[in-house]
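For reference, the structure discussed in these notes is given below.
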Amino acid sequence: MKIQIAAIIATVFVLGSCTKPKPVINPTVFSLHLADDYDNNLDGVTVNLYGDSTDWANGTNVLYTTKSSDSGNVSFSNIPSQVYYFSCRDTANCWINNTAYFLGYPLAANQTTSIGLTLAGYGTLNIKNTSANRNPYEIKINGKVWASSLAYGQTITKKTLPAQSYSIEAIQLGNFIGYRADIIYGVTVLQCQSVTQNIP
């Protein structure tokens, strides 16, 4: 009887010692550090993650959202491994990310992916056609066409332009004799402010 009990105990011990420990699976984490041009941490910035560029552009179907901490950090934990598009915006203090808005590859599974972003301060620019002769104008901003034809009395607006200086070109489209007016304005957009340039 003692031999049988000893055999049972030995069997339990052997079976127990053969159990392999479960591997530790790390969570999938996406973290960002948000700062300004002077490397100051930006807190209270809303960060939204989207599944594709259409939702990102339209601000629809947010998959995950959170706000940055006092240290400018944001972390999304235990999320699926996939490509993410993200927006970082603080409407109260006018901060936004204009670059690096998506991961060009699926988020690495069971790892922490960390990136740092420098956010840009933004303001609003309005261009209004106040032409004395009521002419339409083509409007370019830094050499790129913004409006192919801005009619008299109309205004076009960009609400989230990075705060900096811009070259605004107004090219007359009608009612000219010999040559058309081609006027260039220097306009500075300031953070959290709205500036209007009248044409001409």
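The values are calculated or read from the model by the stated rules, or taken from the named source; none is laboratory data. These numbers were taken from a predicted model, which means no experiment stands behind them. Every residue, glycine among them, receives a Cβ derived from its backbone with ideal geometry; neighbour counts consider all protein chains shown. Protein only, heavy atoms only, side chains kept; ligands, DNA and RNA dropped before computing areas. Shrake-Rupley method; radii C 1.70, N 1.55, O 1.52, S 1.80 Å.
Data table
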{"read-out": "Those residues of segment 20-52 which are loosely packed, with under 15 Cβ neighbours inside 10 Å, among the small types (Gly, Ala, Ser) and farther than 22 Å from Ala109 by Cβ, in sequence order", "value": "Gly44"}
{"read-out": "Test: residue in segment 94-115 that is within 28 Å of Pro27 (Cα to Cα), open to solvent by 60 Å² or more (accessible area, probe 1.4 Å), not hydrophobic (A, V, I, L, M, F, W, C) and not in a loop (DSSP other than H, G, I, E, B)", "value": "yes"}
{"read-out": "Matching strands (runs of 3 or more DSSP E) fully within segment 156-200 where at least 1 residues are more than 33 Å from the chain's Cα centre (by Cα), among the polar types (S, T, N, Q) and more than 20 Å from Asp37 (Cβ to Cβ)", "value": "165-172"}
{"read-out": "Residue match in segment 147-160 (condition: open to solvent by 30 Å² or more (accessible area, probe 1.4 Å) and closer than 30 Å to Ser75 by Cα)", "value": "yes"}
{"read-out": "Test: residue in segment 123-139 that is in contact with a Ser or Thr (Cβ under 9 Å, 6 or more places away or on another chain), in a loop (DSSP other than H, G, I, E, B) and over 30 Å from Asp43 (Cα atoms)", "value": "yes"}
{"read-out": "Flag for Ser87 being more than 10 Å from Phe30 (Cβ to Cβ) and either open to solvent by less than 30 Å² (accessible area, probe 1.4 Å) or assigned to a strand (DSSP E or B) (or both)", "value": "yes"}
{"read-out": "Filtered residue count, segment 164-194, keeping only those that are among the hydrophobic types (A, V, I, L, M, F, W, C) and open to solvent by 40 Å² or more (accessible area, probe 1.4 Å)", "value": "7"}
